[in-house]
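In what follows, a structure is listed as structure tokens, so that the remarks can point back to it.
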Amino acid sequence: MRAIIVSDNKEEIVKLVEQEEPKNLKNGEVLVQTTLCSLCHSDLHMAQNPLNIGVSIGHESIGKVLKVGEGVNKLKVGDLVGFPAGLHGACGSCYYCKNNDEVFCEQAEYTTERGYGTMQDLSIEREDYCIKLPDNIDLGAACIATCAGITVYKGFKSSKIKEGSIVAIFGIGGLGNVAVEYAKNFYKAKVIAIGSNKDSLEIAKNKGADYVINWKEENFKEKLYSISPRGVDVSLVTSSTSEQFKMAYETLSPTGQLIAIGLPPENLEINIPDLVIGGKQIIGSLIGNRNDLKECFDHLVKKIFNPEYEIVNIEEAPKYFKLMKDNKLFKRIVFNFNK
């Protein structure tokens, strides 16, 4: 079978190879044939880690069940399924699993823990971590929902966002534009999109952002406070730049919330008296769980969000990894595994 693995050549980043097909289904497992797998920035991070050389990667995929093992009773051959952000299993009995927070389980099995991803023709998956796709869903968008969709959605679910809230999205790219649509279409909020790429900001505007601010070309605070003099109720930060995290915190309204999704390279200094006196909150949000993904798939069918993407053949993966590394990739790419 074909697989995209981390190359030992740093310039190549990844390469397409032939590998043996996975065999020997255990109780409760199914064999899934990958249909589509989208490219996520996390894939590039994984590919740049020398500890992963030779490992197949990918986690934003959907596929068709080819074979079911013993004990499988909810899925059947032919079902289309997706997986929550590269999470392929957890213990099921710890505090976090019992509270639908399996993403924090100490025995959670992510792509790196199990040793292979889904950017390959076949993978063995646990039935209870396969989420069946609803009818009439856009398959390419479903790939993106498995990571970007549930990451943004979980972030908002962790907040107090409601109809009419002033919401700022920092970092307008793949995650940011999904966030714009969720804030506008699902929560009916007033949305301010903040970024530095003119094309991405134009997309955000077309997706429903009430205002856009290019923070590198405009007086950010002056423009934001002209829109909302009291500041922002909820700031969702998908950016990984420390500067945007700082801007997000400094423009929170009293009782405002900063939802951190991006990972800045350095620690931030927070004015604790301001945090306390202003009743402000900083909330970290990792990814969503299986229930969140089910809801996300339903939202896709209802057109709550509609990510734009381009489908290319899996053989072109090395090219697009290099474009992403060189900061020259400005669209979501979905790899097609159909021969």
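The values are calculated or read from the model by the stated rules, or taken from the named source; none is laboratory data. Everything quoted here is computed from the prediction, not taken from an experiment. Quick reminder, even Gly has a Cβ in these numbers, built from the backbone with ideal geometry, and neighbours come from all protein chains shown.
Out of the range 1-27, which residues are surrounded by fewer than 18 Cβ atoms within 10 Å (Cβ to Cβ), in contact with a strand residue (DSSP E or B) (Cβ under 9 Å, 6 or more places away or on another chain) and farther than 13 Å from Phe321 by Cβ?
Within the range 1-27, Met1, Asp8, Val17, Glu18, Gln19, Glu21, Pro22, Lys23, Asn24, Leu25, Lys26 meet the criteria.
Taking the range 285-339, which residues are in a helix (DSSP H, G or I) and free of Cβ contacts under 8 Å to residues at least 40 places away in the same chain?
Result: Glu316, Lys319, Leu323.
In the range 251-281, which residues are crowded, with 16+ Cβ neighbours inside 10 Å and free of Cβ contacts under 8 Å to residues at least 60 places away in the same chain?
Residues satisfying the conditions are Leu252, Gly256, Leu258, Ala260, Pro264, Lys280, Gln281.
Being modelled with pLDDT under 95 and in a loop (DSSP other than H, G, I, E, B) is the filter; apply it to the range 239-260 and report the residue that is nearest to Tyr153 (Cα to Cα).
Restricting to residues being modelled with pLDDT under 95 and in a loop (DSSP other than H, G, I, E, B), the top hit is Ser239.
Across the range 148-174, what is the number of residues that are part of a helix (DSSP H, G or I), of a type outside the set (A, V, I, L, M) and at pLDDT 95 or above?
Residues meeting the conditions: 7.
Determine if the range 189-198 includes at least one residue that is out of contact with any strand residue (DSSP E or B) (no Cβ under 8 Å at 6 or more places or on another chain), among the basic types (Lys, Arg), surrounded by fewer than 17 Cβ atoms within 10 Å (Cβ to Cβ) and in a helix (DSSP H, G or I).
Within the range 189-198, not a single residue is out of contact with any strand residue (DSSP E or B) (no Cβ under 8 Å at 6 or more places or on another chain), among the basic types (Lys, Arg), surrounded by fewer than 17 Cβ atoms within 10 Å (Cβ to Cβ) and in a helix (DSSP H, G or I).
For the range 41-146, which helices (runs of 4 or more DSSP H) that fit wholly inside it have 1 or more residues that are without any contact (Cβ under 8 Å) to a residue 60 or more places away in the chain?
41-47, 95-98, 111-114
Residue under question is Leu300, and the condition is that it be assigned by TED's automatic domain parsing to the domain that holds Val17, surrounded by 19 or more Cβ atoms within 10 Å (Cβ to Cβ) and not small (Gly, Ala, Ser); does it hold?
Yes: the conditions hold for Leu300.
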